[in-house]
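A.B. asks: Submitted below is the structure of interest, expressed as structure tokens.
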Amino acid sequence: MSDKMPKNYKEAVEYIEDLPRFTKKHSLEHTQVFLKRLGNPGFDRKVIHVAGTNGKGSVCAYLQAVLAAEEKRTGFFTSPHLVKMNERIQLDRNPVDDKTFFRVFLKVLKTVREMEKDGYGHPSYFEFLFGMGMTVFADSDAEYIILETGLGGRLDATNALKSPFLTVITSISLDHTEILGDTVEQIAYEKAGIIKENVPVFFDGNCREAAGVIRRIASERGAPCREITNHAYEIQEAGRNCIAFSRKNAYDKDITWRVPICGLYQVMNAELALEALEYVFQGCEISQKKWAEAIASVRWEGRMELAAPHLTVDGAHNPGAIEAFVKSATMLSTDGGELPVIVFSAVSDKKYEKMAEDLCKGITAKAYIVTEIDDRRKVPAEELGQVFRKYTTAPVHVRRRVNEAVETAYEIRDGGEIYCIGSLYLAGAVKKYLAGGNGKC
């Protein structure tokens, strides 16, 4: 890469976006050296490490909200971003500002260039941003740091921290099979790699195969283990704007909880976060009303989000997430209502044909519109069109540009809802277009 030092925020973002062309993922040992040279930022804080196939970001959002309600300052490292790179590094539920982003970028880049002189490879895109995030959190007075794994868990850069306060594992299903393994058990093993000696782990136990692996690894490492399933709650009411539920324990039996996101799976995500938070605040007086208000306040972009009138974006990007989307969309449909229009795009390293098949089998749609995202891994719209035509007799429209796909959806919806799914990148592109952005949409 060029030795030229970026001069402003825009050039810093361009530098980071260019990294995939010049470097690749490194070992945990490399990341540990990187963090050590940065001064092991954030190692003195209470780290909550979250892994899983689906629901990681939502669980983190619920954790953030309740910690904020308890007046605890939090840092949050997440991926991917929907619109702006700053979204990956948050303080108190807010992305860092451009000035802070650039200041920390320069500090981290200086360390990286010293590493390169000593023969170490340049950190990857994700590793570089992780180093930036930890530096931001260390420079703040954040008491808690919430880390969302990027890919897997065992070998993920975020797993370079050896002593988290607690770990959380969300639902597990098939995704990134070319890297993590082609069975649920193999993937669960990779996710369970975040479990540490004597550190409590809270996990979604609804998948029997995954739960068995997690329990075994927790036992081997002496990690206190709390398994949560859908028997821990009961859904009372589900609608377009929220889902009301009760928790099945004596302490909470008279409290109605609400998640303001219409995906049915969000109740499990909220319950998982609440169980973990009860451990965080054990021995303290807890206001269930305050916690319920915090959970109800969560806004998590790109997850069954009503982004415009009659248009919902959802980042469902693997077969497990598509299954959850189908359940939620079916729940929201009404007898005699107009059929929905589905806008779909995907990246090439996902099981997009399986996703298309499950969509077509699970939902009767008025039409499907396939499009492309602005990413080197995009699946060409024409190819997606051919895939969908294998599984549906409904019209399949090919629109390469996202703005054209959205415009077509509104033209043909005829009273039905529009769902934009298949990739968080698509969710971001749609939101950018709706907001009047002039990016490559």
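A.B. asks: Among the residues of region 284-342, count how many are on the phi > 0 side of the Ramachandran plot, at pLDDT below 85 and surrounded by fewer than 19 Cβ atoms within 10 Å (Cβ to Cβ).
C.D. replies: Initially, region 284-342 is screened for residues on the phi > 0 side of the Ramachandran plot, giving 302, 304, 310, 336.
Now drop any that are not at pLDDT below 85, which leaves 302, 304, 336.
Going one step further and asking which of them are surrounded by fewer than 19 Cβ atoms within 10 Å (Cβ to Cβ), we end up with 336.
So the answer is 1.
A.B. asks: Out of all the residues in region 229-239, is one or more among the acidic types (Asp, Glu), without any contact (Cβ under 8 Å) to a residue 12 or more places away in the chain, open to solvent by 60 Å² or more (accessible area, probe 1.4 Å) and more than 16 Å from Ile169 (Cα to Cα)?
C.D. replies: Scanning region 229-239 turns up at least one residue that is among the acidic types (Asp, Glu), without any contact (Cβ under 8 Å) to a residue 12 or more places away in the chain, open to solvent by 60 Å² or more (accessible area, probe 1.4 Å) and more than 16 Å from Ile169 (Cα to Cα).
A.B. asks: Right, here's the next one. With respect to Phe202, is the statement that it is touching a residue at least 12 places away in the same chain (Cβ under 8 Å), within 30 Å of Thr312 (Cβ to Cβ), open to solvent by 10 Å² or more (accessible area, probe 1.4 Å) and assigned to a helix (DSSP H, G or I) true? Write out each step before concluding.
C.D. replies: Numbers: touching a residue at least 12 places away in the same chain (Cβ under 8 Å): yes; within 30 Å of Thr312 (Cβ to Cβ): yes; open to solvent by 10 Å² or more (accessible area, probe 1.4 Å): yes; assigned to a helix (DSSP H, G or I): no.
So Phe202 does not fit the description; no.
A.B. asks: Restricting attention to region 91-113, which residues are out of contact with any Phe, Trp or Tyr (no Cβ under 9 Å at 6 or more places or on another chain), farther than 21 Å from His49 by Cβ and modelled with pLDDT of 95 or more?
C.D. replies: Asp97, Thr100, Arg103, Val104, Leu106, Lys107, Lys110, Arg113, listed by residue number.
A.B. asks: Might you check whether a residue that is over 23 Å from the mean Cα position of the chain (by Cα) and part of a helix (DSSP H, G or I) occurs anywhere in region 391-403? I'd like the intermediate steps shown before the answer.
C.D. replies: Here is the first cut: in region 391-403, the ones over 23 Å from the mean Cα position of the chain (by Cα) are 391-401, 403.
Within this subset, residues satisfying the condition of being part of a helix (DSSP H, G or I) are 403.
Within region 391-403, one or more residues are over 23 Å from the mean Cα position of the chain (by Cα) and part of a helix (DSSP H, G or I).
A.B. asks: Let me ask another. Could you go through region 130-138 and let me know if any residue there is at pLDDT 95 or above and part of a strand (DSSP E or B). Break it down stepwise before answering.
C.D. replies: Pass one, region 130-138, residues at pLDDT 95 or above: 130-138.
Checking which are part of a strand (DSSP E or B) leaves us with none.
Scanning region 130-138, I find no residue that is at pLDDT 95 or above and part of a strand (DSSP E or B), so the answer is no.
A.B. asks: Within region 139-168, work out how many residues are closer than 14 Å to Glu190 by Cα, assigned to a loop (DSSP other than H, G, I, E, B) and open to solvent by less than 10 Å² (accessible area, probe 1.4 Å).
C.D. replies: 4
A.B. asks: Looking at region 57-70, can you tell me whether even one residue there is touching a Leu at 6+ places or on another chain (Cβ under 6 Å), touching a residue at least 60 places away in the same chain (Cβ under 8 Å) and open to solvent by less than 60 Å² (accessible area, probe 1.4 Å)?
C.D. replies: Step one: list which residues in region 57-70 are touching a Leu at 6+ places or on another chain (Cβ under 6 Å), which gives 59, 66.
If we keep only those that are touching a residue at least 60 places away in the same chain (Cβ under 8 Å) too, we end up with 59, 66.
Going one step further and asking which of them are open to solvent by less than 60 Å² (accessible area, probe 1.4 Å), we end up with 59, 66.
Checked against the condition, which is being touching a Leu at 6+ places or on another chain (Cβ under 6 Å), touching a residue at least 60 places away in the same chain (Cβ under 8 Å) and open to solvent by less than 60 Å² (accessible area, probe 1.4 Å), region 57-70 yields at least one hit.
A.B. asks: If I ask for residues that are touching a residue at least 40 places away in the same chain (Cβ under 8 Å), open to solvent by 10 Å² or more (accessible area, probe 1.4 Å) and of a type outside the set (Asp, Glu), which ones from region 270-283 would you list? Outline the logic, then answer.
C.D. replies: Let us first name the residues in region 270-283 that are touching a residue at least 40 places away in the same chain (Cβ under 8 Å), namely 270-277, 279-281.
Now drop any that are not open to solvent by 10 Å² or more (accessible area, probe 1.4 Å), which leaves 275, 279-281.
Tyr279, Val280, Phe281 - these are the residues of region 270-283 that are touching a residue at least 40 places away in the same chain (Cβ under 8 Å), open to solvent by 10 Å² or more (accessible area, probe 1.4 Å) and of a type outside the set (Asp, Glu).
A.B. asks: Further question on the same structure: Which is in contact with a strand residue (DSSP E or B) (Cβ under 6 Å, 6 or more places away or on another chain) and open to solvent by 30 Å² or more (accessible area, probe 1.4 Å), of Arg208, Arg216, Arg226?
C.D. replies: Values: Arg208 fails: in contact with a strand residue (DSSP E or B) (Cβ under 6 Å, 6 or more places away or on another chain); Arg216 fails: in contact with a strand residue (DSSP E or B) (Cβ under 6 Å, 6 or more places away or on another chain).
Residue meeting the stated conditions: Arg226.
A.B. asks: Next question. With the requirement that a residue be within 27 Å of Asp97 (Cα to Cα) and either part of a loop (DSSP other than H, G, I, E, B) or among the acidic types (Asp, Glu) (or both), what does region 26-42 give you? If you could, list the steps in order and put the result at the bottom.
C.D. replies: Filtering region 26-42 down to residues within 27 Å of Asp97 (Cα to Cα) leaves 31-32, 34-42.
Across region 26-42, the qualifying residues are Leu38, Gly39, Asn40, Pro41, Gly42.
A.B. asks: Looking for something at positive phi and either aromatic (Phe, Trp, Tyr) or in contact (Cβ under 8 Å) with a residue 24 or more places away in the chain (or both) - is there at least one such residue anywhere in region 87-96? Show your work before the answer.
C.D. replies: First, pick out the residues of region 87-96 that are at positive phi: 92-93.
Next cut, either aromatic (Phe, Trp, Tyr) or in contact (Cβ under 8 Å) with a residue 24 or more places away in the chain (or both) only: 92-93.
Looking for residues that are at positive phi and either aromatic (Phe, Trp, Tyr) or in contact (Cβ under 8 Å) with a residue 24 or more places away in the chain (or both), one finds at least one in region 87-96, hence yes.
A.B. asks: Could you tell me whether Lys24 is modelled with pLDDT of 95 or more and of a type in the set (Lys, Arg)? So that I can check it myself, show each step before the final result.
C.D. replies: Numbers: modelled with pLDDT of 95 or more: no; of a type in the set (Lys, Arg): yes.
Answer is no for this residue.
A.B. asks: Something else about it: Which one of the conditions (1) assigned to a helix (DSSP H, G or I); (2) crowded, with 17+ Cβ neighbours inside 10 Å; (3) over 18 Å from the mean Cα position of the chain (by Cα); (4) modelled with pLDDT of 85 or more does Lys354 fail to meet, given that it meets all the rest?
C.D. replies: Result: Lys354 passes all but (2).
A.B. asks: When you scan region 422-435, do you find a residue that is touching a residue at least 60 places away in the same chain (Cβ under 8 Å) and among the basic types (Lys, Arg), even just one?
C.D. replies: Yes, region 422-435 contains at least one residue that is touching a residue at least 60 places away in the same chain (Cβ under 8 Å) and among the basic types (Lys, Arg).
A.B. asks: Next up: In region 92-134, which residue that is open to solvent by 30 Å² or more (accessible area, probe 1.4 Å) and among the hydrophobic types (A, V, I, L, M, F, W, C) is farthest from Ala61 (Cα to Cα)?
C.D. replies: Leu106
A.B. asks: Would you check if Ala381 is more than 16 Å from Gly315 (Cβ to Cβ) and not basic (Lys, Arg)?
C.D. replies: Details: more than 16 Å from Gly315 (Cβ to Cβ): yes; not basic (Lys, Arg): yes.
Here the answer is yes, as Ala381 does meet what is asked.
The values are calculated or read from the model by the stated rules, or taken from the named source; none is laboratory data. Bear in mind that the values here come from a model prediction, so they are computed numbers and not experimental data. All Cβ positions, glycine included, derive from the backbone under ideal geometry; neighbour counts span all protein chains shown. What goes into the accessible areas is simple: the full protein's heavy atoms, side chains included, and nothing from ligands, DNA or RNA. Shrake-Rupley method; radii C 1.70, N 1.55, O 1.52, S 1.80 Å.
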